[in-house]
Structures are given as C-alpha cells and as structure tokens.
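The values are calculated or read from the model by the stated rules, or taken from the named source; none is laboratory data. This structure is a prediction, so every number in the text was calculated from the model and none was measured. Here the Cβ is made from the backbone with ideal geometry for all residues, glycine too, and neighbour counts use every protein chain on show. Just so you know, the surface numbers come from the protein's heavy atoms only, side chains and all, with ligands and any DNA or RNA stripped out. Shrake-Rupley method; radii C 1.70, N 1.55, O 1.52, S 1.80 Å.
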Amino acid sequence: MTESKNEGLVGANAVAVESLVLALLSPIVWGTSTFWEYDLVFLIAAAFVIILMVIRVMAGKAENPDIGFIRQSLGWSSRLLDLLLIGSLAAISIRISSLVEFFSPVAVFAGLAIVSTIGFVLLEQKVLGGYAETWKGVIDTETENNPIGRLLREAGDFGESQLSAIGSDESPDPPEKGARGAVLAVLLLLLLLVVSAPIWLVLSIFFDNWKAAVLILFSLFFLRDTTRYMYLGYGAASNFSDLRWPLKWEFIWSAVKGIIIAFTLGYELSPIL
C-alpha cells in the first residue's frame with residue numbers, strides 16, 4: 001500500500017470533521033438525556049467512534065498498519081456516527097414534543113432529520129461545492145446498465161445540475177424541468193418503498209402505524225447518507241466500497257436503528273404484543 005493510499009484511509013481532514021461532529025453531538029445526547037434506559041447505547045457508540053478514529057490516526061504513523069482492518073473500521077465508524085446522530089435528534093425530539101404537545105415525537109424526529117440533512121447538503125454544496133459531484137461519482141460507479149441503474153443515473157444528473165446551481169447566476173429552471181424532477185422523485189420514492197418493504201413492515205409493529213414506520217425509514221436514509229458523505233467527501237474512504245455492507249446487513253441494521261428510535265421515543269413493545 002502506497003503512502004498516498006494510506007493517507008486516503010486515515011484522512012486528516014476526515015478525522016477533523018469526525019472530531020467536530022463528535023464534539024457537537026455527544027453533549028446533546030448527554031445533556032438532553034431523559035434518563036431513558038437505553039441512553040447508554042448512544043454513548044457507547046460515541047466511545048467506539050473515538051476508539052476507531054484514534055486507531056486510524058495511529059495507523060498513519062505506523063510502518064505496517066493493518067490496512068484491511070482500517071478499511072473495515074470505516075464502515076463501522078460511519079454507522080456508529082449515524083447512531084450517535086440518531087440519539088442526538090431523538091433527545092431533541094423528546095424535549096420539543098414535551099414542550100409542544102401538538103407534534104408527536106415521531107413527526108418531530110422525522111422533521112429534524114430531513115431538515116438538518118437538507119440544510120447540511122445546501123451548506124456543504126454552497127461553501128465547498130463537493131456534495132453533488134461526490135454522490136454523482138458514486139452513482140455512476142456503482143449502478144449497472146439496467147432500468148433501475150439508468151433511473152438512478154438520470155436522477156443523479158438532475159440532482160447534480162440543481163445543486164450545482166446553488167449560489168450561481170444561473171436562471172431558474174423552466175417548468176418542464178421541474179416537472180421532470182418531480183416525476184423522478186416520485187419514481188425513486190416508489191422504488192425505495194418497494195425495496196425497503198421488509199424494513200418498514202417490521203417497524204410498523206413498533207410504531208403506531210405503517211405511515212409512521214415509513215416516515216422513520218425515510219429519515220434513516222437521509223441521516224445515513226449524511227454520515228457516509230462525511231467519510232467520502234473528506235478523505236477517509238477512498239471509495240464507496242469502504243462503507244458498503246451487503247444488502248441483507250443494511251436491511252437488518254436499518255431495522256435495528258428503527259427499533260432503537262421507537263424505544264427511545266417512548267413506544268413499548270409489550271402493549272403491542
């Protein structure tokens with residue numbers, strides 16, 4: 001493994017961003033705790049992220065680091081950071097819903113997840129301009145030449161053109177282009193619902209109904225891609241394969257996160273059974 005590849009794996013910029021995110025999220029989980037018995041899950045996730053981050057930093061100084069382990073640790077780091085982000089948003093959601101009883105904890109959590117993700121995307125694209133290009137590269141590399149792959153690539157092209165226009169002097173999109181974007185969005189949402197049916201059907205057991213489960217599922221996808229980008233866009237992961245798991249494990253992990261959210265927001269399994 002060359003020195004440049006080593007640097008790509010440990011990523012000083014990625015470690016700096018990772019440290020900043022940890023510094024922001026950990027106090028939220030700790031400081032807004034409602035003394036839920038599973039708060040420890042999020043704190044343990046933060047501890048393991050720190051451990052893996054330190055190992056990557058130390059690997060940059062070692063002569064013969066275990067590159068295979070470092071690559072595997074990137075996937076775990078992104079998922080544990082994702083879990084910590086979920087814990088911080090859940091803690092805030094509980095506080096907000098207790099103050100404003102009109103909004104359910106699920107609605108507040110989903111709103112915070114989607115709004116914070118969109119805010120991060122717009123800010124990152126406007127300031128650094130790398131978000132659209134990064135994900136477009138992933139889509140082009142990972143998708144195959146089949147109907148689904150072509151749909152994803154078309155959506156990627158459209159998303160890149162829209163995000164790239166942020167902060168520029170380009171004229172507003174014509175109505176037909178907006179209609180095309182709406183059609184692509186609907187098709188992608190339907191595809192996501194079909195592919196992820198096993199997840200939201202399982203989560204519907206833990207929430208009030210299937211609509212709440214779908215809402216949480218969409219929130220999880222938004223948050224997952226945010227944490228993945230932190231590793232892709234800031235130099236820790238050299239490619240998407242460093243962060244990807246087999247689909248069955250992605251499904252299981254998404255279901256586990258959804259169940260953790262259900263318990264955190266006050267849903268109990270015993271009355272359901």
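Test of understanding: among 155, 165, which residue is among the aliphatic types (A, V, I, L, M), more than 21 Å from the chain's Cα centre (by Cα), farther than 16 Å from residue 223 by Cα and surrounded by 15 or more Cβ atoms within 10 Å (Cβ to Cβ)?
Numbers: 155 fails: more than 21 Å from the chain's Cα centre (by Cα).
Answer to the check: 165.
I'm trying to understand the selection: among the residues of the stretch 61-98, which are within 17 Å of the chain's Cα centre (by Cα) and open to solvent by 40 Å² or more (accessible area, probe 1.4 Å)?
Across the stretch 61-98, the qualifying residue is only 76.
Please verify whether the stretch 66-76 includes one or more residues that are in contact (Cβ under 8 Å) with a residue 12 or more places away in the chain, closer than 29 Å to residue 207 by Cα and in a helix (DSSP H, G or I).
There is at least one residue in the stretch 66-76 that is in contact (Cβ under 8 Å) with a residue 12 or more places away in the chain, closer than 29 Å to residue 207 by Cα and in a helix (DSSP H, G or I).
Looking only at the stretch 117-130, count how many residues are modelled with pLDDT of 85 or more, over 19 Å from residue 218 (Cα atoms) and either touching a Cys at 6+ places or on another chain (Cβ under 7 Å) or open to solvent by 30 Å² or more (accessible area, probe 1.4 Å) (or both). Spell out the reasoning first.
We begin by selecting, within the stretch 117-130, every residue modelled with pLDDT of 85 or more; these are 117-124.
When the remaining residues are screened for being over 19 Å from residue 218 (Cα atoms), the result is 123-124.
The next check asks that each one be either touching a Cys at 6+ places or on another chain (Cβ under 7 Å) or open to solvent by 30 Å² or more (accessible area, probe 1.4 Å) (or both); those that pass are 123.
Total satisfying the criteria: 1.
Residues that are of a type in the set (D, E, K, R), at pLDDT below 85 and either farther than 20 Å from residue 42 by Cα or surrounded by fewer than 17 Cβ atoms within 10 Å (Cβ to Cβ) (or both): does the stretch 211-222 have at least one?
From the stretch 211-222, those of a type in the set (D, E, K, R) are 211; that's our starting set.
Narrowing the set further to residues that are at pLDDT below 85 leaves none.
No, the stretch 211-222 has no match at all.
Any residue in the stretch 234-256 that is under 18 Å from the mean Cα position of the chain (by Cα), closer than 15 Å to residue 89 by Cβ and open to solvent by less than 30 Å² (accessible area, probe 1.4 Å)?
Looking through the stretch 234-256, none of the residues is under 18 Å from the mean Cα position of the chain (by Cα), closer than 15 Å to residue 89 by Cβ and open to solvent by less than 30 Å² (accessible area, probe 1.4 Å).
Which of the residues belonging to the stretch 65-104 are closer than 21 Å to residue 14 by Cα and at pLDDT below 85?
At the first step, the residues of the stretch 65-104 found to be closer than 21 Å to residue 14 by Cα are 65-86, 88.
Answer for the stretch 65-104, where residues must be closer than 21 Å to residue 14 by Cα and at pLDDT below 85: 65, 66, 67, 68, 69, 70, 71, 72, 73.
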